[in-house]
Structures are given as structure tokens and as C-alpha cells.
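Derivation of every value follows stated rules applied to the coordinates shown; laboratory data play no part. These figures come from a predicted structure and were not determined experimentally. Neighbour counts are summed over all protein chains in view; Cβ atoms, including those assigned to glycine, are modelled from backbone coordinates with ideal geometry.
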Amino acid sequence: MGKRRKPSPPGRARMAVLTTAMAAGGAVLASGTAHAEPAPTLASVKEQVDNLNEQAEQAIERYNGFQAKQQKLQSDANQIQEKVVRGQETMNELRTRLGSVAADQYRNNGIDTSVQLMLDSDPAAYLERAAVQNQVADSQASLLKQAQDEQRKLDQDRAEATATLAELDTVGKQLAEQKNDIQTKLSKAQDMLNKLSAEDRAKINAQQSAEKAKAEAKQAAAAGAADRASRSADRPDMSTPAPPASGRAASAIAFAQAQLGKPYGWSRTGPDSFDCSGLTSMAYRAAGITIPRMSQDQWNFGPHIDRANLQPGDLVFFYDDLHHVGLYIGDGKMIHAPRTGKNIEVLPIAVMPYMGAVRPA
């Protein structure tokens, strides 16, 4: 047996590689420990959740717009397709009539008209028949023109139906994209809240309640200041409160009040849940006025009203892109459908960035 050889010690190059690797690993570990991301503060979580909910509401209004467009396109497509069916039936009838005329013409076209006149035993009777034949020819020409016109209309209707169905398909895809975007944002916000302790969630709710109370106090203070200023200026008309709602505005408010406590439901128009523009549109529908479905479109329905001249029943709008709307009920307050996870409530209009108002009634 030969002698065992002792393993040779690692060479300098190998030792250098190992040393470098160990040092790098240690540096990575040390770096990972030293630069670990700090736990998010409660305030930052609340801010992120609020931002996600606001982005979701913006996406919801876009979704509502695509949904309304989809419904209109579907209605248009149905009507156009009905026109195509009727047009095809007319063309089939015209083709049958043209076929009969062509067959008669073939049967009667064997002898030249001048020869028929010469051979006819009663030339006067022949001339009378010839006049009738001319009328038939005119009728045939008219029938042919009618068929050509009908075919053109049918081709146009078919082209319109094809274009409308293609647009409908595109809008359907956009609708699905918006739905996915909304669900992603809402899920992310909910995941962040789920990671909080019950105590932290209670703190966030308390902060929201405090913000609401602060807005109410601010609104009351502003109203009191305006009242004192008008009295000191001896202008009692300025201190007169807005008149109570009447007529259709009162009916809209009554409908909205009956929905208090029901959950927010995105892209819903009742009866069990509503989103913001769904609530306002259905409130005015109950009052006999059809207003647009989207908040941005509701902004253009009726005259714009100064904040100082608000009356119960006015639509009040928020944020630069007008993606939130509520129904003003007086005393600086509105009924609105807030966002996912909350219920329809009364809230001071001072809580959100106010943009303006519209009076539909």
C-alpha cells in the first residue's frame, strides 16, 4: 500500500477568494442589519390608505363612464342590427319581385316590337299593350333603383354595426382593465389595514372622527362669523339662512336620507348600496329628474352655484377632477357615499377639497 498524502493547504489565491467572500457576506449581513427599513408609522399607513382609496374612487368614476358608454353602444348595436335584419328582408322581397319581372321579360322578348305590330290583327290593341309594357318597363326601372338604394343602405348599416361592435369590444376591455385597477388598489389598502393591530385601527378611526368634528366646528364658526358680520353691517338679508328644500330638491334629499347607513358599493346605483354619483343620480331620478351617471357629467348638468348661495338639494363637488359628489342638505353638510368600507353618511362639506356646486332642480 502506498502512503496517504496529506491534503495540501489551500493556496494563496484560494484563500484570498474565500476571505473576500466571507468579508463580503459579513458586509452584506451587517449592511442588511444596519439599513433595515423602519416600520411604517401609523400616520404614513393612514396616508397611503387614504391615497389608495382616493385613487380607487377616481378609477371607479372612470369605470362608471366606460360602463355607461358600453350600455349605450350595446343599445346602438342592437338597434343597428335590427335595421340590418329589416333591410335584408326588404332586399329579399325586392329580389323576388325583380326575378319575376326578369322572367316575364324573357318570355315576352322573343319577337321584335315592330314585327309584332305588323303581324298583329288588331294594331290598335297592340299599341295599347305596348303602352302598358312601357309602363311596366318604367316600373321595372323604379324597382331596380329601389333595390340599389336599399342595398346601399344595407351595406352602410352593416358597416356601422361592425364598427359599433368593434368599439363595444374595445370598451369592454377598458372596463375590465378599470375593474382590475380598482380591485388592486382596494385590496392593497385593505392589506395595509389588516397588518395593523386593533389598537392602531381604532386610532385611525378616532383620527377620522376628530377630523370630522373639526370640520363641523370650522363650518359652525364660519357661519357664526358671517352672521355677526352681516348684523354689524345692518344687512339682515345676509344673515337669513338658506330656505328649506322644497319640490324636487326636497324629494331628492328625502331619497338620500332613506339610504343613510347603507354600505358604499362601487359602481352601484342601489337599492342596497351606492357609490357617490350613483346616490346623487338615483336621488334625483326619484325626484323625477334624470341626471347623468358620472360625477364629472353631473358637474355640467344645471347652473353653477356660488358657495355662499348653496341651497338644500344642490350637488356639491370635490377634488380637482370632480371625482366625488354629494347632495347638500344645509348647514354646511351633505349626504354622500364615501368609499369602500364605509356607509352612506352626513358629512360637513369642509372635510374634503371643495370645488363647486350645481343646482339640477
Would you please give the residues with an amide H less than 5 Å from that of D314, counting only those at least 5 places away or on a separate chain, with H modeled from the backbone geometry? Y328
Report the FRET efficiency, 1/(1 + (r/R0)^6), for R158 and S100, where r is their Cβ-Cβ distance and R0 is 41 Å, rounded to 0.05. 0.95
Note down the nm distance, to one decimal, between modelled labels 7 Å out along Cα→Cβ at D331 and at S197. 3.8 nm
Run the simple label-point estimate for Q257 and E167 please: 7 Å along Cα→C-beta, distance reported in nm. 4.3 nm
Please give the residues of segment 273-311, grouped as numeric ranges, whose backbone N is less than 19 Å from a label point set 7 Å along the Cα-to-Cβ vector of Q79. 290-293
